[in-house]
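Colleague: Take a look at this one; I'll ask things after.
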Amino acid sequence: MYRRIMLVALFLLVFGAFAGQAQDEITIFATVGAYYPDEPTENNPNPPAMMNEIVAEYEAANPGVNIELVDTPANISGDQWRSTVFNGQNEPHIIVNNYIRVWQEQGNDWYVPLNDYIEAPNPHIPEGTPGAERWADSIPEVVWDTTFHTGSGNQYVVTVNAVAVGFYYNIDMLEAAGIDTEFDISYSLWEDWETMIAEMGAVAEAGYEPLAMSMSTASPYTYNWFDGTSLTSMYIDHIESWWEPGASWHALNQREFACAIQNGLISANDDAFADWIQLLADFEPMWVDGYATMTWDEAYRLFITGEVPFLLGNAASQTLNVTRDADFNWGISYFPPVTETTSAHAANNESAYLVGGFTAGFTVTDRARREGIEEQVVDFLMFVTAQPQWGRVVTDSPRSIPTQFGLDVPDALKPTVAFLELPIRALKDPDPRLSRRYGEDHRRLMQEFFTEQIDLETLIAEEDRLMTREARVVIAENEWSCDFQME
Amino acid sequence: MIRRLSTSPSARVSKRTSQSPLPIRIWQAKWLYLALLIPVAILLIFEWLPAFSALYNSLYIWNGGKVHFYVGLEHYERMLSDRTFRVAITNLIGFVFFRVVMQTVLPFFAAEMIVNLRSARWSYWWKIIFVFPMVVPQILNYLIWRFIYNPQVGLLNEGLKLIGLEQYAYAWLADPHTVMWALAFVRFPWLPTLQFLIILGGLQTIPQEVHESAAIDGAGFWRRLFYIDIPMTRRQITLAMILTMLFMTQRFDLFLVMTDGGPGYSSMVPALQLYQSAFHFLEFGYASAIGVVLFVAMLALTIINLRVSAGANRE
């Protein structure tokens, strides 16, 4: 009897301890993307680890709240990882995600709408700093516009990073080939697209493959950047009529682009579309051999080892790498504008367009709601993204350009900040332009055309079929009306 | 002697057990059955359930989350008009045929060579050499081959340049005319360990007396090969072929790592399309339908192969 009483008492004691802990303690799991603190290595004994400090400060100010930073596995795709953790209901409370993926997965109710939170004050932003009275004010309107999901009318993503792309060039190689490397034209090494093609052609004649880039679907690909910016140039005269009424210059959202297709405002059978394909076809011979299956890393290696004089890359993270790895003189440049010299449809282009922008941000997942800790999770997110904290994170690890007002850009990224002042391209990468399926199939069709598996006529017919089908699917899925473009 | 054996204790137990009613026999062996339950449960949960759930999900539009509604045979209809699927099937047939032939013929000759070695020590070391690649991770192999095919700094093109054949240096993986051949040549000289061991095991079971009789009758290597070794290892050869066919059909990692099905769709295969449909486009229903079709095709081919082989054995 005595033993039984002792056992019951022990059980109650243990159970009580766990129950008490469960009541008092909250654990928030969060991914922080590229800012996850690296482990020290022999080559890098003091890697950036500011996130650890930020977490410690929050935990100290909020007893009973534990923050666990989660590193996403590198050996599987982000899509696969999210499918697994969400379906297993084991997702972190905060996930860094690309806004197009969030749109794609929005129907699953995986993400918490942040509309009300961003309208409220952020208590972690000092008084007088943008965002203290209304969290949304800490980030430019253009960022919120980009990530806003029209279909649901919700904002799911808080984007505190911006990225821009850039042409890195090897000054020593270009000078040896007799190419002028003076960067005296706004944002571009070249006056216009034709000049770029001509000078890259001169590089090719000197015996080099000019441009290292990737069109492989297996890794981050740089082809999409040409695709969106040059297509914008071709439809410059028409784009305003595709916007929702009263809108100012912005990147078209899915609804606007899908409706433009449905309403016949853009078609693969247009002359402008054919001109655009020709523009890319004339550029393709400048790309390095094997670009169709080349990875980003392989393209980077060709540039760094002096095999190729140009590299198209991410102007933020890649700048750090090039600074570290290059043993030659190099510069960073930008896409040239496409003008009437290239196509009559591009007659009104005054500049190049910004490629990149505000792609990835923080989302709060349904787990926060399920566990009843949504307020606490959002509070942590407000703390991390507030200028005093985020400023330290990006200074410690300058991997992308901070978007918040009132933050200094780290020195390493200053050369690329000018790119962010360009007008944003109206037509995004193929995936967010219409759908993930469109992006993938379009890229493969273009590869088939470039490798002469299909001719121009077939390409246009296939593109037309693909655009029409995907526009119909996207419009039906979201139950959109397209009348606004006909008013 | 026979009488003694039949009255041994174990034989008596066996006799008694076989005469008991089934429930009693199950009860007597309850621990064995319980122990078996664990692997059976694991098999059911992780192998059979996903397979049958694929059949069920192929009738639905499912995005891997909450969007899940019945569409009947729509995915199968879509497959009929899906250009990507047609290209993928065509690529797969060529690839599997090539690899089945190569991965059966070459391991067979390797096993023949070892069986015919007179030195036991050399035979042992050759076996080690052929089995050793099994410990190298598959993904590492692919990355090495990816480097071999690199158009700028790859071993293949550098080798060609070295011997004055630079006009044949290609972007092997980025050219639609060479990509499937390049992928088929990955892991040359195709000596898969499992198939090699299966065939070797078959050859080693042929009694030495048969070979000696053939030699006395004047049969040379080729006659012995075609009239003794191949007929007597037909079962092992069939098994090796079926396994290769199954492995190659399910293979998508090779295509994912090396080309992701490109350029265009020129190296797309159904298993990769299945993976992309599920995890890139969140079309789990369509991916399940592709999986079901692949499963049925593999099952049919395996049955045909077994029947043909059984018929040949009877002859």
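Colleague: Given a Förster radius of 51 Å and the C-beta distance between B:I42 and A:E205 as r, what FRET efficiency does 1/(1 + (r/R0)^6) yield to the nearest 0.05?
Modeller: According to the calculation, E is roughly 0.20.
Colleague: A further question on this structure: Can you give the accessible area per residue of chain A, in Å², using a 1.4 Å probe?
Modeller: Averaged over the residues of chain A, the accessible area is 42 Å².
Colleague: How well do other chains shield peptide A:435-443, expressed as the mean number of their Cβ atoms within 10 Å of each residue Cβ?
Modeller: That average works out to 3.
Colleague: Follow-up. Taking a ≥ b ≥ c as the square roots of the Cα gyration tensor eigenvalues, with a/c under 1.5 meaning rounded and otherwise prolate when a/b beats b/c, else oblate, which class fits the stretch B:68-119?
Modeller: Verdict is prolate for the stretch B:68-119.
Colleague: With label points built 7 Å along Cα→Cβ from the Cα atoms of B:F295 and A:E42, find their separation and express it in nm.
Modeller: Each label point is offset 7 Å from its Cα along the Cβ direction, giving 4.9 nm.
Colleague: Enumerate the whole-percent occupancy of each 10 Å bin, from 0 to the last occupied one, for all C-alpha pair distances of chain A.
Modeller: 4, 17, 27, 25, 16, 6, 2, 1, 1, 0
Colleague: Now a separate question. In the calculated pair distance distribution of the stretch B:77-314, what percentage of Cα-Cα distances lie above 30 Å?
Modeller: 39 percent
Colleague: Still on this structure: Considering only C-alpha atoms, what is the centroid distance from the stretch A:334-403 to the stretch A:260-280, in Å?
Modeller: 29 Å
Colleague: I want the antiparallel fraction of DSSP beta bridges within the protein assembly as shown, as a percent rounded to 5.
Modeller: Around 70 percent of the beta bridges assigned by DSSP in the protein assembly as shown are antiparallel ones.
Colleague: Counting Lys and Arg as +1 and Asp and Glu as -1, each charge on the Cβ, what is the dipole of the protein assembly as shown about the Cα centre in debye, to the nearest 20?
Modeller: Value, rounded to 20: 7440 debye.
Colleague: For B:T178, B:T233, give the ranking by accessible area with the largest first, probe 1.4 Å.
Modeller: Most to least solvent-accessible, the answer reads B:T178, B:T233.
Colleague: Another question, then. What part of the accessible area of the protein assembly as shown, given as a whole %, is carbon or sulfur when the probe is 1.4 angstrom?
Modeller: Ligands and nucleic acids excluded, carbon and sulfur give 59 percent.
Colleague: Something else now. Measuring from centroid to centroid over Cα atoms, what is the spacing of the stretch B:264-297 and the stretch B:168-232 in Å?
Modeller: 32 Å
Colleague: Given R₀ = 25 Å, what would the calculated FRET efficiency be for A:D180 paired with A:D282, taking r from the Cβ atoms and rounding to 0.05?
Modeller: Approximately 0.70, to the nearest 0.05.
Colleague: For a Förster distance of 41 Å, can you work out the FRET efficiency between the beta-carbons of A:V70 and B:T302, rounded to the nearest 0.05?
Modeller: With R0 = 41 Å, the Cβ-Cβ based efficiency is 0.45.
Colleague: Another question, if that's okay. Residue by residue through the stretch B:41-58, which ³J(HN,Hα) values in whole Hz follow from phi under the Karplus form 6.51 cos²θ - 1.76 cosθ + 1.60 (θ = phi - 60°), with glycine and proline marked x?
Modeller: Per-residue couplings from phi come out as 4, 4, 4, 5, 5, 9, 10, 6, 4, x, 5, 6, 5, 5, 4, 5, 5, 5 Hz.
Colleague: Loop only by DSSP, 11 or fewer other Cβ within 10 Å of the Cβ. Give me the GluC sites (Glu not before Pro) in the stretch A:305-375 that pass, ordered by residue number.
Modeller: Listed in order of number, the matching sites are A:E350.
Colleague: A further question on this structure: Please identify the GluC sites (Glu not before Pro) of the stretch A:417-453 that satisfy two criteria: DSSP loop assignment and at most 14 other Cβ atoms within 10 Å. Which are they?
Modeller: Those that pass, being in a loop and sparsely packed, are A:E452.
Colleague: Answer with one residue from B:F85, B:Y33, B:G72: the one whose Cα lies farthest towards the positive end of the charge dipole of chain B, charges on Cβ with Lys, Arg +1 and Asp, Glu -1.
Modeller: Ranked along the dipole, the leading option is B:Y33.
Colleague: Using 7 Å Cα-to-Cβ label points, what is the B:T193/B:A29 separation (nm, one decimal)?
Modeller: If labels sit at B:T193 and B:A29, their model points lie 3.3 nm apart.
Colleague: In whole Å, largest first, what are the principal axis extents of the Cα atoms in the stretch A:261-330?
Modeller: If we take the Cα atoms of the stretch A:261-330, the spans are 51, 25, 22 Å.
Colleague: Express the C-alpha Rg of the stretch B:116-229 as a ratio against the empirical globular expectation 2.2 N^0.38 Å, rounded to two decimals.
Modeller: Ratio of Rg to 2.2 N^0.38 Å for the stretch B:116-229: 1.53.
Colleague: Now a separate question. Nearest 500 deg cm²/dmol is fine: what mean residue ellipticity at 222 nm does chain B get from its DSSP H runs of n ≥ 4 alone, each adding -39,500 (n - 2.57), divided by its residue count?
Modeller: Helices in chain B give a 222 nm mean residue ellipticity of -21000 deg cm²/dmol.
Colleague: Based only on Cα atoms, what Rg/Rh ratio does the stretch A:84-230 have, Rh being taken as Kirkwood's radius?
Modeller: 1.12
Colleague: While we're on this one: In square angstrom and rounded to 100, what buried accessible area do you get between chains A and B, total over both, with the probe at 1.4 Å?
Modeller: Adding both sides of the contact gives about 2900 Å².
Colleague: Return the distance in nm (one decimal) between the two label points of a simple spin-label model at A:T305 and A:E375, each offset 7 Å from Cα along Cα→Cβ.
Modeller: The answer from the label model is 5.9 nm.
The values are calculated or read from the model by the stated rules, or taken from the named source; none is laboratory data. Just so you know, these numbers come straight off a predicted model, no measurement behind them. Reconstructed Cβ throughout: ideal geometry from the backbone, glycine too, with neighbour counts over all protein chains shown. Side chains are part of the model used for accessible areas, which takes the heavy atoms of the whole protein and leaves out ligands, DNA and RNA. Shrake-Rupley method; radii C 1.70, N 1.55, O 1.52, S 1.80 Å.
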